[in-house]
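The values are calculated or read from the model by the stated rules, or taken from the named source; none is laboratory data. Only a predicted model underlies this, so the values are computations on that prediction, with no experimental measurement involved. Quick reminder, even Gly has a Cβ in these numbers, built from the backbone with ideal geometry, and neighbours come from all protein chains shown. Ligands, DNA and RNA are stripped out before the accessible areas are found, and what is left, the full protein with its side chains, is counted by its heavy atoms. Shrake-Rupley method; radii C 1.70, N 1.55, O 1.52, S 1.80 Å.
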Amino acid sequence: MKQKFIYLRDIFKGHSSLWLGLVIASGFTGLDGIISPAVMGILTNILTKRQFNRVWLVIALFFVAMTFTNIAFWFWQYFNLKIIRVANTKLRADAYDKFITASDNRDESKVISFIDVDVKQIENQFINAVVMVIYCFEQALITLIYILYINSWVALVYLVCGFLPTVVPRLTKKWLEKGTKKWSAKYKKYNLEVSEGVKGFHLINNYGVTAKMQKLITHSLKQEENAYFKMNLHQETSRLLSNTTYVISTIIALLVSVLFIMNGQITVGAFISLYLAADRVTSPILSSVQFLNQINSSTPLLEAEIDKSKQQQINNLTYQNLSKDLLLEFDHASFGYDHALIKDINFAVKGNSHVMIEGPSGVGKSTIFKTLLNEIPLFSGEILVNSKLNDNELKHQTGIISQDTFIFSKSLRFNLTLGEDFSDEDMIAILRKVELDKFASTEGLDTRLGENGVHLSGGEKRKIELARALLRKKTILLLDEALSGLDHQSMQTIFQLIVDFKGTVIDIEHNLSDEYKQKYGQILELTN
């Protein structure tokens, strides 16, 4: 439980006033637990004594008191909703920030699942449960003080009986956590399989394995739903045990109250007030048991949250005074992951030169780019960069053109600017330069491109990516098989744009003709 409080503190750092407001509003709302019992007790005694002239005053005061608690309840909901807004905003923003700042091991499906699913689960099973525990505790405490005022001995009996149901969550805690953890794992497995089944539909259909894929996903769905059923059944079973304990404790308290009336220690009106108010002690306690069950069952969700610990940043670049015409140099550099794919490379890249890195598929060409971009660590050796550049300038001056061009579903304008400020004139000029004349107008800039550029050809996507770099006046282009997968005309157009680029080009390709190769000043050949 201590870890959960630390978790709450981290989420709401700087927002403690919201919890103070919630606690105050909960306290006033909790008066509802004594208003009705007190009024019923007072009316019973008045009517028993036939003091009818006092009835209207009591009813008027009851109306005022209930109106006050209703207003307090509105403020309680207000603070509750603001707490939910802060929590959801914090969790989702942190998840995405952690994703984009991670140096490696980015898991797209994990972060999307967390943002789309887990955050709402944390809201329902943890944040809301904590809010309700506070509310139940305050209502029970206020009502307890009231019944202690009526008769302390009877109140203590109700208090003891009211706490009996709290034994249940301690007995079922691990059982509930196990069920939730199993469901969470099954759900994520099913969600991943469905996502892949949708995205890979054409592949599945082309190979005629749709029936097998349906069977696989249906099996995963059944496992997920069975786990979900068992998780909910565990919670309902725990609730049944709590309710049974509650019934037993209520009967005991009722019998004690009857004995006190028979002995003349309390009036009938006081008994009615005690009985009704005592329920406002035991019921919130019972409800808090259910909310504590939810908090306990939320442990796997909290453990699954994106790790906020700061990852070690990868920095593969060493800045030195190189010859003024050199941009960077590989010094006995090896590239790879758990083992070296490319070993002991010694190669210098001149500034404003066009360099090709060629080799067969699978040799590890793209690994060089990922290492240059600090996405994966250098396996061994050094990458030396001319010290006239610093890391920020190198990143700022480098444009990336890849085979898998990503297009946002927003407008062409957004896909070029990525939210930055550029004039329409500059964008239109760049579109003409990359031969996207059909979009080279204000109206064309507002064209929505559809999810992942569904309305564009492969060549048009590649031209847009090139336009992004040219718009920002990049001086270095890194191309990762940017010419692959294009028709002949598009390939020629984009290749000519690359050849005409006034800056440094480092191009990874695996299947270019000698005619194209002659346009490059340096060639690094890689072999298996």
- Near pairs, Cβ below 6 angstrom, 6+ apart or cross-chain, from segment 252-276 (open to solvent by less than 40 Å² (accessible area, probe 1.4 Å)) to any residue that is not in a helix (DSSP H, G or I) and not basic (Lys, Arg): Phe260/Ile266; Ile266/Asn151
- Would you mind listing the helices (runs of 4 or more DSSP H) fully within segment 405-487 where at least 3 residues are in contact with a strand residue (DSSP E or B) (Cβ under 8 Å, 6 or more places away or on another chain), of a type outside the set (Gly, Ala, Ser) and touching a residue at least 40 places away in the same chain (Cβ under 8 Å)? 458-471
- Message: So the check is Cβ under 9 Å with 6+ separation or different chains; which pairs have a first residue in segment 45-67 that's of a type in the set (Gly, Ala, Ser) and a second one that's assigned to a loop (DSSP other than H, G, I, E, B)?
- Response: Ala65/Leu31
- Query: Residue check: is Ala155 closer than 22 Å to Ala253 by Cβ and either open to solvent by less than 70 Å² (accessible area, probe 1.4 Å) or in a helix (DSSP H, G or I) (or both)?
  - Reply: yes
- Message: Residue pairs, Cβ under 9 Å, 6 or more apart or interchain, first in segment 350-373 and more than 17 Å from Phe501 (Cα to Cα) and touching a residue at least 40 places away in the same chain (Cβ under 8 Å), second among the acidic types (Asp, Glu) and part of a loop (DSSP other than H, G, I, E, B). List them.
- Response: Lys365/Glu481; Ser366/Glu481; Phe369/Glu375
- Mind listing whichever residues of segment 488-528 are open to solvent by less than 50 Å² (accessible area, probe 1.4 Å), modelled with pLDDT under 85 and not in a helix (DSSP H, G or I)? Glu509, Leu512, Leu526
- Task: Give the residue, chosen from Thr250, Thr244, that is modelled with pLDDT under 80 and over 37 Å from the mean Cα position of the chain (by Cα).
- Result: Thr250
- Checked against (1) over 32 Å from the mean Cα position of the chain (by Cα); (2) closer than 30 Å to Ala25 by Cβ; (3) of a type in the set (Phe, Trp, Tyr), Trp153 satisfies every condition except (2)
- Is it true that Ala348 is of a type outside the set (Phe, Trp, Tyr) and over 24 Å from His510 (Cα atoms)? no
- Message: Within segment 438-449, does at least one residue satisfy the condition of being farther than 25 Å from Glu420 by Cβ and of a type in the set (D, E, K, R)?
- Response: no
- Does segment 179-197 include one or more residues that are without any contact (Cβ under 8 Å) to a residue 12 or more places away in the chain, assigned to a helix (DSSP H, G or I) and among the basic types (Lys, Arg)? no
- Evaluation of Arg85 against (1) open to solvent by 40 Å² or more (accessible area, probe 1.4 Å); (2) closer than 23 Å to Ile142 by Cα (one fails), failing number: (2)
- Note on the structure: Scanning segment 88-119 for residues that are exposed (fewer than 14 other Cβ atoms within 10 Å of the Cβ) and under 18 Å from Phe12 (Cα atoms), the one modelled with the lowest pLDDT turns out to be Asp97
- Leu412 versus (1) touching a Ser or Thr at 6+ places or on another chain (Cβ under 6 Å); (2) open to solvent by 90 Å² or more (accessible area, probe 1.4 Å); (3) farther than 17 Å from Ile498 by Cβ: which is the lone unmet condition? (2)
- In segment 261-290, how many are of a type outside the set (A, V, I, L, M) and either under 30 Å from Phe126 (Cα atoms) or touching a Leu at 6+ places or on another chain (Cβ under 6 Å) (or both)? 8
- Those residues of segment 359-375 which are within 11 Å of Gly336 (Cα to Cα) and aliphatic (A, V, I, L, M), in sequence order: Val363, Ile368
- Query: part of a strand (DSSP E or B), of a type in the set (S, T, N, Q) and open to solvent by less than 20 Å² (accessible area, probe 1.4 Å) - does that describe any residue in segment 346-362?
  - Reply: no
- Task: Consider Lys4 carefully, then state whether it is of a type in the set (Lys, Arg) and touching a residue at least 24 places away in the same chain (Cβ under 8 Å).
- Result: yes
- Message: Quick check on my filter: what residues within segment 221-241 are closer than 30 Å to Leu286 by Cβ and either touching a strand residue (DSSP E or B) at 6+ places or on another chain (Cβ under 6 Å) or open to solvent by 60 Å² or more (accessible area, probe 1.4 Å) (or both)?
- Response: Glu225, Asn226, Tyr228, Phe229, Lys230, Leu233, Glu236, Leu240, Leu241
- Task: Could you please let me know if Thr218 is farther than 30 Å from Ala38 by Cα, hydroxyl-bearing (Ser, Thr, Tyr) and surrounded by fewer than 13 Cβ atoms within 10 Å (Cβ to Cβ)?
- Result: yes
- Hand me the list of helices (runs of 4 or more DSSP H) wholly inside segment 1-63 holding 2 or more residues that are open to solvent by 30 Å² or more (accessible area, probe 1.4 Å) and modelled with pLDDT of 85 or more. 16-29, 32-48
- Are any residues in segment 423-437 on the phi < 0 side of the Ramachandran plot and open to solvent by 60 Å² or more (accessible area, probe 1.4 Å), and if so, which ones? Glu425, Asp426, Arg432, Lys433, Asp437
- So which of Lys173, Lys178, Lys199, Lys186 ends up being open to solvent by 70 Å² or more (accessible area, probe 1.4 Å), more than 24 Å from Ser288 (Cβ to Cβ) and among the basic types (Lys, Arg)? Lys199
- Query: Within the group Val209, Val268, which residue is at pLDDT below 80 and closer than 30 Å to Val111 by Cα?
  - Reply: Val209
- Task: Could you list all residues from segment 376-400 that are modelled with pLDDT of 80 or more and either outside any strand (DSSP E or B) or on the phi > 0 side of the Ramachandran plot (or both)?
- Result: Ile376, Pro377, Leu378, Phe379, Gly381, Ser387, Gln397
